[in-house]
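Following: one structure in structure tokens, then a few remarks.
The values are calculated or read from the model by the stated rules, or taken from the named source; none is laboratory data. Just so it is clear, the model here is predicted, and its values are computed rather than measured. Ideal geometry is used to build each Cβ from the backbone, glycine not excepted, and the neighbour counts take in all protein chains shown. With ligands, DNA and RNA removed, areas are computed over all heavy atoms of the protein, side chains included. Shrake-Rupley method; radii C 1.70, N 1.55, O 1.52, S 1.80 Å.
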Amino acid sequence: MHEDGLEAVISFIERAGIRLKVNEILVECLEEGNTSSFQDLIEELIVAGPDSLRIVREILSEVDLMLDQLQEKIAMNNQELGGMNYYVNNLSEKTQNHIIIMKEIHAYLNDWLWGLIYLSTRNEWMQALTLSPKNKWLL
């Protein structure tokens with residue numbers, strides 16, 4: 001029981017560390033106006049293969065959170081402007097660029113996530129087929 005609690009704490013710390021690192025990289029991408037730092041991080045995880053699936057999901061959660069925050073900022077700007085339909089035109093260019101960058105990052109991450117899910121599923125099926133005694137004589 002003590003080990004389960006310790007594992008839960010270690011898992012929480014790992015997830016928090018991942019989120020902090022991703023947050024730093026996302027802020028860097030927004031300041032630089034490009035996604036190259038984020039792409040470098042994801043490419044490192046992709047090379048690790050399906051084992052990095054959990055980490056990529058954590059990263060997606062952080063990206064979703066930041067994108068939600070940007071959208072809340074837009075909603076607040078819309079309320080300040082009295083609910084005008086053309087509020088997007090009144091957003092600062094910086095906010096518009098941040099939204100575009102975050103959507104690019106989100107799409108990039110989703111593409112790679114689906115690729116990792118495919119690889120993970122394929123690996124599980126291959127292990128199940130090769131280890132199953134029923135399939136031993138199918139050839």
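Numerical summary
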quantity: Hits in the range 25-59 - residues which are within 14 Å of Glu104 (Cβ to Cβ) and not β-branched (Val, Ile, Thr); calculated: Leu26, Cys29, Leu30, Glu32, Gly33, Asn34, Ser36, Ser37, Phe38, Gln39
quantity: Matching residues, the range 1-43, being of a type outside the set (A, V, I, L, M) and touching a Phe, Trp or Tyr at 6+ places or on another chain (Cβ under 9 Å); calculated: Glu28, Cys29, Thr35, Phe38, Gln39, Glu43
quantity: Residue selected from the range 49-63 under the condition more than 11 Å from the chain's Cα centre (by Cα) and closer than 21 Å to Ile13 by Cα, by the criterion least open to solvent (accessible area, probe 1.4 Å); calculated: Ser52
quantity: Any hit, the range 43-57, residues being under 17 Å from Lys103 (Cβ atoms), touching a residue at least 12 places away in the same chain (Cβ under 8 Å), part of a helix (DSSP H, G or I) and β-branched (Val, Ile, Thr); calculated: no
quantity: Pairs where the first residue, in the range 17-40, is touching a residue at least 40 places away in the same chain (Cβ under 8 Å) and the second is open to solvent by 60 Å² or more (accessible area, probe 1.4 Å) and of a type in the set (A, V, I, L, M), C-beta under 9 Å, 6+ apart; calculated: Arg19/Leu65; Asn23/Leu65
quantity: Residues being open to solvent by 40 Å² or more (accessible area, probe 1.4 Å), farther than 20 Å from Trp114 by Cβ and of a type in the set (Val, Ile, Thr) - total across the range 1-48; calculated: 4
quantity: Residues being surrounded by 15 or more Cβ atoms within 10 Å (Cβ to Cβ), among the hydrophobic types (A, V, I, L, M, F, W, C) and within 17 Å of Leu26 (Cβ to Cβ) - total across the range 104-128; calculated: 4
quantity: Residue selected from the range 91-103 under the condition open to solvent by less than 60 Å² (accessible area, probe 1.4 Å) and modelled with pLDDT of 90 or more, by the criterion farthest from the chain's Cα centre (by Cα); calculated: Ile101
